[in-house]
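Have a look at the structure below, then the notes.
The values are calculated or read from the model by the stated rules, or taken from the named source; none is laboratory data. Because the structure is predicted, anything quoted here is derived from the model rather than measured. Every residue, glycine as well, gets a Cβ built from its backbone with ideal geometry; the counts of neighbours run over all protein chains shown. Quick note on the areas: whole protein, heavy atoms, side chains included, nothing else; ligands and nucleic acids left out. Shrake-Rupley method; radii C 1.70, N 1.55, O 1.52, S 1.80 Å.
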Amino acid sequence: AAPGVEHWARTAAAMAAPLRHRGPDDAGVWADPAAGVGLAHRRLAVVDLSPAGHQPMLSASGRWVLVYNGEIYNHAELRGELAAAGCSFRGHSDTEVLVEACATWGVEATLCRLIVMFAFALWDRQNRRLTLARDRIGKKPLYYGRVGGRLLFGSELKALRAHPGFMPEIDRDALAQFLRFGWLPGPRSIYRGVAKLPPGTSLTIPA
């Protein structure tokens with residue numbers, strides 16, 4: 001039988017566990033085995049400290065699922081615009097503003113309106129597409145790579161290393177760059193086949 005919700009949730013949670021230091025306040029997992037998707041999140045509560053800010057967060061329509069790291073500085077202004085357009089909100093988090101903005105205006109239009117530092121992953125349950133995005137300055141990291149035909153992503157490389165199928169292989173060219181310059185420019189990472197999403201970039205991957 002194909003792996004069920006428990007398998008996907010367990011794998012996603014294992015990948016998020018090494019990131020506890022980034023989000024010590026809460027943890028959440030969402031999985032859709034039929035689509036082959038598992039999302040996990042470690043939360044650092046900043047804007048809304050209540051459970052209404054829990055992630056992964058579904059849009060009010062249930063179509064969109066978001067995991068997000070960052071802070072939207074103009075979230076109050078965007079919330080007002082969305083409320084005027086008919087959106088109702090369950091809480092006060094900027095996460096909810098982001099997922100409802102994407103649901104209302106579309107991802108690209110939303111990205112143009114954000115004053116923000118962020119990295120996020122947004123799953124479209126209707127069209128079965130995953131969008132990864134990162135802010136223009138690149139304050140929040142986001143790594144991704146394919147392992148055995150599956151796309152893995154996370155805020156740190158240690159999240160990818162926690163996946164049972166990940167077999168890390170050092171990229172010797174990247175290592176040489178690091179030893180020469182003392183840092184590693186993106187989109188390269190120290191592992192072969194794993195990249196850092198460049199600042200100001202979004203990437204959409206069909207299921």
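Results, tabulated for the structure shown:
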{"read-out": "Among residues of the range 81-126, those that are without any contact (Cβ under 8 Å) to a residue 40 or more places away in the chain and in contact with a strand residue (DSSP E or B) (Cβ under 8 Å, 6 or more places away or on another chain), counted", "value": "2"}
{"read-out": "Enumeration of residues in the range 190-207 that are in contact (Cβ under 8 Å) with a residue 60 or more places away in the chain and either of a type in the set (Gly, Ala, Ser) or within 22 Å of residue 112 (Cβ to Cβ) (or both)", "value": "197, 198, 199, 200, 201, 202, 203, 204, 205, 207"}
{"read-out": "Filter result for residue 80 (under 15 Å from residue 28 (Cβ atoms), of a type in the set (Gly, Ala, Ser) and surrounded by fewer than 20 Cβ atoms within 10 Å (Cβ to Cβ))", "value": "no"}
{"read-out": "Any hit, the range 117-133, residues being over 14 Å from the mean Cα position of the chain (by Cα), of a type outside the set (A, V, I, L, M, F, W, C) and closer than 20 Å to residue 75 by Cβ", "value": "no"}
{"read-out": "Number of positions in the range 124-152 that are open to solvent by 30 Å² or more (accessible area, probe 1.4 Å), farther than 20 Å from residue 29 by Cβ and touching a Lys or Arg at 6+ places or on another chain (Cβ under 8 Å)", "value": "2"}
{"read-out": "Sole exception among (1) modelled with pLDDT under 95; (2) under 19 Å from residue 19 (Cβ atoms) for residue 197, by number", "value": "(1)"}
{"read-out": "Some residue of the range 176-188 being touching a Cys at 6+ places or on another chain (Cβ under 6 Å) and either at pLDDT 90 or above or within 26 Å of residue 12 (Cα to Cα) (or both)", "value": "no"}
{"read-out": "Selected residue (criterion: most open to solvent (accessible area, probe 1.4 Å)) from residues of the range 189-207 that are under 18 Å from the mean Cα position of the chain (by Cα) and hydrophobic (A, V, I, L, M, F, W, C)", "value": "207"}
{"read-out": "So residue 186, is it open to solvent by 30 Å² or more (accessible area, probe 1.4 Å) and on the phi > 0 side of the Ramachandran plot", "value": "no"}
{"read-out": "Enumeration of residues in the range 83-123 that are open to solvent by 40 Å² or more (accessible area, probe 1.4 Å), within 24 Å of residue 199 (Cα to Cα) and in a loop (DSSP other than H, G, I, E, B)", "value": "115"}
{"read-out": "Residue within the range 163-183 that is part of a loop (DSSP other than H, G, I, E, B) and either within 16 Å of the chain's Cα centre (by Cα) or in contact (Cβ under 8 Å) with a residue 60 or more places away in the chain (or both) present", "value": "yes"}
{"read-out": "Hey, residue 40 surrounded by 13 or more Cβ atoms within 10 Å (Cβ to Cβ), part of a helix (DSSP H, G or I) and in contact with a Pro (Cβ under 9 Å, 6 or more places away or on another chain) or not", "value": "no"}
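Every residue, every condition in (1) within 15 Å of residue 160 (Cα to Cα); (2) touching a strand residue (DSSP E or B) at 6+ places or on another chain (Cβ under 6 Å); (3) hydroxyl-bearing (Ser, Thr, Tyr); (4) at pLDDT 90 or above, yes or no:
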position	(1), (2), (3), (4)
29	no, yes, no, yes
39	yes, yes, no, yes
49	no, no, no, no
54	no, yes, no, no
62	no, no, no, yes
65	no, yes, no, yes
